[in-house]
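Reviewing the structure listed below.
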Amino acid sequence: MSGHMNSILYVWLPCKKVYPIGPATLADFVHRRYPNVRQRLFDLSVIPQSKRVNALRAEVRDVRPDLVCFSWRDIQIYSPHEGDESLEYAFRFFYARNPIKRLVASLKGLKFVYTYYRGIQSNLSLFWTLDREFPAIRMMIGGGAFSAFADQLIEKLPEGVIGILGEGEDAVLKMVEGKPLDETSGERVVFRRGKQIIKGEKPIPTTIEGVSMDVPYISSIFPQRDSYHGALATIGVQTKRGCPYDCQFCLYPYLEGRRVRYRPAEEVVTEISQYYHQWGVRRFWFTDAQFITGHEAYPQCIEILERIIAEKLDIEWCQAIFVPALFRKNWRI
Ligand code: B12
Ligand code: SF4
């Protein structure tokens, strides 16, 4: 049995719809070690904005979690995105010759700032609602957007919320086991003590071998999974973590670490095969910082692709590839 947490609710904070692989990975990791812990994955992306607070309340009443794990993936900030023309208007504001175009662009820009700000505020308000109405529940937060903006976000969250930068498996496990999660616990925690922001380091990265998604289990704890079924859905699958490079603009080594850790090809393809056969998925995105980080990655990458062919998985896949790594071995893709 677990020490302290017997039930966990994972909340996928709203973003443009994308499969919640982060919290699914955490839930799977906990389930393998503590199958008796009750878990549910709740996706706020598929719920209209005006109904989100009440939907979360209802979910909390139903699940009665000891721990709520919020996963915050995206904070959209003036970058190209279908359905979001903010960057285009930013360019027009700075470079259009016609002053009327610049004026219109500045008004549109203000509207975007307001929309982003309101989105962030409404996510933050969910924490305050739970803090007020369900004070016994512990709260954690992690995910890409939180990790990128932790310093700004943590000071706006209730005291007691534990933030995690980067990978979260070991930290959630410690919470389940009732172990302390503070600056001495060997995790990349960030939390508030009064006005002071405390941070911790994680000297030992998570072992990602054996972390192969048990898709039937995820199906059982994710009632909204249907919206990620079918040939048009895209599912994220992580084959490795970490990037050894140091591109100036990029956060990925900060998020995932510099040391590349591989999942066994067999586990990766078993995961793909489960989504393929059980959910009817035909499109996959390898969510690695880089699928082919360098020549050291060739054996794993080749084995993954060969196993996909051998298992007759008729899929489309997509990934970022560190291009110089290809030239060294004349890859044909
Ligand atoms: C793959 C990827 C994509 C793919 C997604 C494909 C797919 N179908 O899944 C593509 C290219 C489509 C994409 C698009 C975008 N992305 Co992107 N993406 C990534 C990337 C490289 C990996 C994310 C991932 O799935 N990792 C694998 C899973 C297992 O990890 P995870 O979700 O991070 O979860 C782990 C931890 O975060 C943590 N964790 C997560 N939740 C929680 C909760 C708790 C309580 C705890 C303790 C821990 C925890 O534990 C998990 C397991 O270790 C990250 C950068 C990175 N290296 O992390 C950027 C990243 C998440 N993306 C980002 C952004 C902004 C976007 C876009 C909005 C960009 C744009 N302007 O269009 C879009 C929109 C995405 C959408 N909602 O549709 C940003 C988010 C930060 C921010 N600025 O808000 C990131 C961090 C990159 C960056 N710029 O730094 N993305
Ligand atoms: S190679 Fe890619 S993931 Fe790695 S640091 Fe550079 S841009 Fe980021």
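Only the coordinates and a few stated rules stand behind these numbers; no lab work does. Since the structure is predicted, the reported quantities are computational estimates derived from the model, not experimental observations. Here the Cβ positions follow ideal geometry from the backbone for every residue, glycine too, while neighbour counts run over all protein chains shown.
Taken as Cα centroids, region 180-233 and region 255-325 sit 20 Å apart, rounded to the nearest whole angstrom.
Could you size up the charge dipole of the chain around its Cα centre, putting +1 on the beta carbon of Lys and Arg and -1 on that of Asp and Glu, and report it in debye to the nearest 20?
It works out to roughly 1020 debye.
Which whole-angstrom value gives the distance between the alpha carbon centres of region 57-132 and region 150-172? Taking the Cα centre of each part, region 57-132 and region 150-172 sit 20 Å apart. Please report the antiparallel percentage of the DSSP beta bridges confined to region 229-327, to the nearest 5. The antiparallel fraction comes to roughly 20 percent. Taking 19 Å as the straight-line reach from the Cα of LYS174, the lysines in range (excluding those fewer than 8 positions away in the same chain) are LYS199, LYS202.
The phi-based Karplus calculation (6.51 cos²θ - 1.76 cosθ + 1.60; θ = phi - 60°) puts the 3J(HN,Hα) values of region 147-152 at 4, 6, 10, 4, 4, 6 Hz, whole numbers, x for Gly and Pro. Each residue of the chain gets 161 Å³ once the volume of the Cα convex hull is shared out per residue.
Looking at the chain alone, DSSP beta bridges between its own residues are antiparallel in about 25 percent of cases.
For region 74-126, the list of GluC sites (Glu not before Pro) that fall in a loop by DSSP and count at most 10 other C-beta atoms within 10 angstrom reads GLU82. At a Cβ-Cβ separation cutoff of 4.7 angstrom, cysteine residues of the chain with no neighbouring cysteine are CYS15, CYS69, CYS243, CYS301, CYS318.
Using the 10 angstrom Cβ neighbour count as an exposure proxy, how do MET213, MET175 rank, fewest first?
MET213, MET175
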